[in-house]
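Here the structure comes first, spelled out in structure tokens, and everything after it is commentary.
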Amino acid sequence: MPSTVSFPLVRREIAGVDIFELARQFGTPTYVYDAAKIHERVQDLRPFDTIRYAQKACSNLAVLDLVRRLGVVVDAVSAGEIHRALRAGFTAEGDPPGIVYTADIFDHAALEMVLEHHVPVNAGSPQMLDQLGQVAPGRNVTLRINPGFGHGHSQKTNTGGEQSKHGIWHEQLDDCLWRADRHGLGVSGLHMHIGSGTDLEHLGQVCSAMERAALHVGRTITTISAGGGLPVPYHERQSYVDLDQYFQLWDATRRRLQDQFGHAVSLEIEPGRYIAAEAGYLLAEIRAIKQMGQNTFYLLDAGFNCLARPILYGAYHPMSIASRTANDQVLQPVVVGGPLCESGDIFTQEEGGFVSSRPLPAAEVGDYLVLECAGAYGFAMASNYNSKPLPAEVLIHQGQPHLVRSRQTLDDLVRGEQIPAW
Ligand code: LLP
């Protein structure tokens, strides 16, 4: 984990592969992932007993297979994510279990998958305990607790506190222990994920809340999970969280619990962004350059159908230009937008939808623009809006690009649709 970050404004390659070659071979828009970066980020997290990847960040089967080979297990939030995990070779058995279902509800499909594949459950609502207990009494569960406060890079990613729908409200812990008892479910662990973008000061409060809750539950607790939320720098002004200190805080909490309980307590972490964000690049082609009054627009073949974070959260993504002539010493303010028929389809926007600009090198139509740090919640949140096919995904491993998801075809777009026999 480096202490500072810098992002290039001009880029010729991704993970050692020439960008023009990538675009020629796979077309655009395409997500490109760097396997080495994923490996590096997993290595940073080795002090934790269990690294559980929150696959919602980027759930391509090849990425799941890669992290599985690195000894990482996964979290699943839906029947679909359990299916993906199974297809990537994870099993729910083992200690730690290869798959855990974490959610605030069971829909019918998820409950069926959990039963059929014996997937351990991390329950985020009292009703989940009843619904599971009725059909699978005697299982162990973990509880996701909302400690009453939270944190997030935006209001939409804050997952703790009264405004949040996530987890079991801390004051309802007794009620949930009672429900678990009534159904013969053992409570073997606690989990707290209080938002994406945690800072250390806040973490101290989370650790204390975890300790209180675990002591309250008592000696049945054998795992605690720190949830996800580890930030990554998206901007040169931002830095990495001090992972040593992050681990020390959690480790001290775990050790105090071990002393109290007289048995081992395993410490899990459940990051999505930290593992996937920096490994991903969205490669797009500049298809038009327009002068609108004072503003220069670069219009790409990728929009919020490919990367929704800017329009959803005003998220900042670093950008670089790949062209034969780009010069990072000569910059001009540019508004970068996509192809969609919607004026909010702008990558250079702030929270609230205010359009801003970015100093970028001069470019020509046919050059490429790379949206960086796009591996987490990039493809995973892409859509077919405006009937745009989902982009291709490519994973670069040891200098070799592998197509790991074909671009959707136009026929894929209408698959399953039917015109009735009027
Ligand atoms: N565990 C649980 C229970 C979660 O709800 C989440 C994220 C994670 C782990 C992983 O959080 P991470 O380490 O990736 O921050 N779409 C938003 C982020 C939503 C996060 C939702 N839950 C974004 O693009 O920033």
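The values are calculated or read from the model by the stated rules, or taken from the named source; none is laboratory data. All values reported here derive from a predicted model rather than from experimental measurement. Positions of Cβ are generated from backbone atoms using ideal geometry, with glycine treated the same way; all protein chains shown enter the neighbour counts. SASA here: full protein model, heavy atoms, side chains in, ligands and nucleic acids out. Shrake-Rupley method; radii C 1.70, N 1.55, O 1.52, S 1.80 Å.
Things to note:
- Residue match in the range 41-50 (condition: within 16 Å of the ligand (Cβ to nearest atom), part of a helix (DSSP H, G or I) and polar (S, T, N, Q)): no
- Any hit, the range 298-319, residues being touching a helix residue (DSSP H, G or I) at 6+ places or on another chain (Cβ under 8 Å) and under 15 Å from residue 9 (Cα atoms): yes
- Annotation note: of 9, 64, 70, the sole residue that is surrounded by fewer than 19 Cβ atoms within 10 Å (Cβ to Cβ), of a type in the set (A, V, I, L, M, F, W, C) and within 30 Å of residue 112 (Cα to Cα) is 70.
Residue-wise test of (1) crowded, with 17+ Cβ neighbours inside 10 Å; (2) at pLDDT 95 or above; (3) under 21 Å from residue 228 (Cβ atoms); (4) of a type in the set (A, V, I, L, M, F, W, C).
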{"residue": "104", "(1), (2), (3), (4)": "yes, yes, yes, no"}
{"residue": "112", "(1), (2), (3), (4)": "no, yes, no, no"}
{"residue": "121", "(1), (2), (3), (4)": "yes, yes, yes, yes"}
{"residue": "124", "(1), (2), (3), (4)": "yes, yes, yes, no"}
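- One residue alone among 55, 43 is among the polar types (S, T, N, Q) and open to solvent by less than 10 Å² (accessible area, probe 1.4 Å), and that residue is 55.
- Residue count, the range 237-260 (criterion: of a type in the set (Phe, Trp, Tyr) and either surrounded by fewer than 17 Cβ atoms within 10 Å (Cβ to Cβ) or part of a loop (DSSP other than H, G, I, E, B) (or both)): 1
- Among the residues of the range 171-212, those that are without any contact (Cβ under 8 Å) to a residue 60 or more places away in the chain and within 16 Å of the ligand (Cβ to nearest atom) comprise 190, 192, 194, 195, 197, 198, 199, 200, 202, 203, 206.
- When the test is whether a residue is modelled with pLDDT under 95 and surrounded by 23 or more Cβ atoms within 10 Å (Cβ to Cβ), residue 152 does not pass it.
Let's see how each residue does on (1) under 26 Å from residue 264 (Cα atoms); (2) free of Cβ contacts under 8 Å to residues at least 40 places away in the same chain:
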position	(1), (2)
56	no, no
66	no, no
70	yes, yes
74	yes, yes
85	no, yes
94	yes, yes
97	yes, yes
100	yes, no
105	no, yes
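- When the residues of the range 197-226 are filtered to those that are under 26 Å from residue 318 (Cβ atoms) and in a loop (DSSP other than H, G, I, E, B), the one that is most open to solvent (accessible area, probe 1.4 Å) is 199.
- Subset of the range 243-273 [touching a Gly at 6+ places or on another chain (Cβ under 9 Å) and within 16 Å of the ligand (Cβ to nearest atom)]: 268, 269, 270, 271, 272, 273
- When residue 413 is tested against the conditions (1) part of a helix (DSSP H, G or I); (2) open to solvent by 70 Å² or more (accessible area, probe 1.4 Å), the lone failure is (2).
- Among the residues listed as 234, 274, the single one being in a loop (DSSP other than H, G, I, E, B) and either over 18 Å from residue 380 (Cβ atoms) or not polar (S, T, N, Q) (or both): 234
- Checking each residue in the range 100-141 for being outside any strand (DSSP E or B) and touching a Lys or Arg at 6+ places or on another chain (Cβ under 8 Å) picks out 104, 120, 124, 126, 129, 130, 132, 133.
- Residue-level analysis places residue 90 outside the set of residues that are over 17 Å from residue 397 (Cβ atoms), in a helix (DSSP H, G or I) and among the aromatic types (Phe, Trp, Tyr).
- Qualifying residue in the range 221-232 (condition: of a type in the set (Gly, Ala, Ser) and either more than 16 Å from the ligand (Cβ to nearest atom) or over 22 Å from residue 50 (Cα atoms) (or both)): no
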